[in-house]
1. Scan segment 166-184 for residues that are open to solvent by less than 20 Å² (accessible area, probe 1.4 Å) and small (Gly, Ala, Ser) and jot them down.
2. In segment 139-165, what residues are of a type in the set (Gly, Ala, Ser) and buried (at least 16 other Cβ atoms within 10 Å of the Cβ)?
3. Of the numbered conditions (1) surrounded by fewer than 16 Cβ atoms within 10 Å (Cβ to Cβ); (2) closer than 23 Å to Arg56 by Cα, Leu120 satisfies every one except a single condition; which is it?
4. Please give the helices (runs of 4 or more DSSP H) falling wholly within segment 156-205 in which 1 or more residues are on the phi < 0 side of the Ramachandran plot and under 22 Å from the mean Cα position of the chain (by Cα).
5. From the set of residues in segment 28-67 that are modelled with pLDDT under 95 and hydroxyl-bearing (Ser, Thr, Tyr), which is farthest from Arg122 (Cα to Cα)?
6. Restricting the search to segment 185-205, which residues are without any contact (Cβ under 8 Å) to a residue 40 or more places away in the chain and loosely packed, with under 13 Cβ neighbours inside 10 Å?
7. For residues in segment 123-138 being in a helix (DSSP H, G or I) and polar (S, T, N, Q), which is most open to solvent (accessible area, probe 1.4 Å)?
8. Within segment 38-63, count every residue that is over 12 Å from the mean Cα position of the chain (by Cα) and either without any contact (Cβ under 8 Å) to a residue 24 or more places away in the chain or open to solvent by 40 Å² or more (accessible area, probe 1.4 Å) (or both).
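The values are calculated or read from the model by the stated rules, or taken from the named source; none is laboratory data. Computed from a predicted model, the values in this text were never measured in an experiment. Quick reminder, even Gly has a Cβ in these numbers, built from the backbone with ideal geometry, and neighbours come from all protein chains shown. Side chains included, ligands, DNA and RNA excluded: accessible areas come from the protein's heavy atoms. Shrake-Rupley method; radii C 1.70, N 1.55, O 1.52, S 1.80 Å.
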Amino acid sequence: MLLGSSLLSFLQHQEGVQTITVPADTTVCQSGDVCESLVIVLEGQVKVFRPATNGRSLTLYYVNAHESCILTASCILNQTPFPAFAVTTTEVKALAIPPEKVVNWLEREPMWQKYMFGLLSRRMINLIELVDSVAFETLDVRLAEWLLARADQQPIQITHQQIAEDLASSREVISRLLKKFENNGLVELGRGTIHIASADALEKL
């Protein structure tokens with residue numbers, strides 16, 4: 001659910017709402033934290049993930065421009081601690097909304113209600129797709145889907161470790177699969193980059 005111009009104007013003129021800038025690679029929230037504000041991203045991206053005891057992690061979703069973190073909203077509404085980690089992947093410009101505003105607007109502001117319920121619906125779909133992917137698809141299929149979803153970013157600038165975190169795998173396994181893809185002519189690997197050589201072949205996977 002994108003942030004419409006009317007809602008954006010409303011938010012920017014509300015007392016207590018602040019515009020903030022956060023550098024890239026900053027941990028903005030970690031497991032157990034009390035959420036002191038709900039952040040709506042205007043520019044940039046935040047990754048929300050769950051770490052595992054074995055050192056691996058699972059990316060739950062990304063918060064992009066005009067979006068917010070539904071886990072943060074849930075923690076504010078239910079007064080519970082944050083159950084994951086949130087880290088900026090780029091510099092982020094955002095609006096920080098006080099918890100009391102989040103609650104009050106849900107009771108009386110239709111624009112805010114529509115935005116928040118739309119965001120919840122979208123995140124639920126994302127998480128169901130994630131569960132289906134992890135439970136029912138092989139890793140090579142999930143990697144092919146991951147690459148195709150970023151075909152317009154070529155060359156894709158990312159480390160094998162970051163892909164492993166997105167796909168709940170290990171760096172070694174991802175590197176091995178990417179090398180297999182390269183040997184089969186599907187991708188071309190560089191230092192910190194991946195170029196899709198055959199989107200059609202990835203589609204067939």
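1. Ser169
2. Correct list: Ala144, Ala164.
3. Evaluating Leu120 over (1) surrounded by fewer than 16 Cβ atoms within 10 Å (Cβ to Cβ); (2) closer than 23 Å to Arg56 by Cα leaves (2) as the failure.
4. Helices (runs of 4 or more DSSP H) meeting the threshold: 160-166, 171-183.
5. Top of the filtered list is Thr53.
6. Hits for segment 185-205 are Gly185, Gly190, Arg191, Gly192, Asp200, Lys204.
7. Asn126
8. 8
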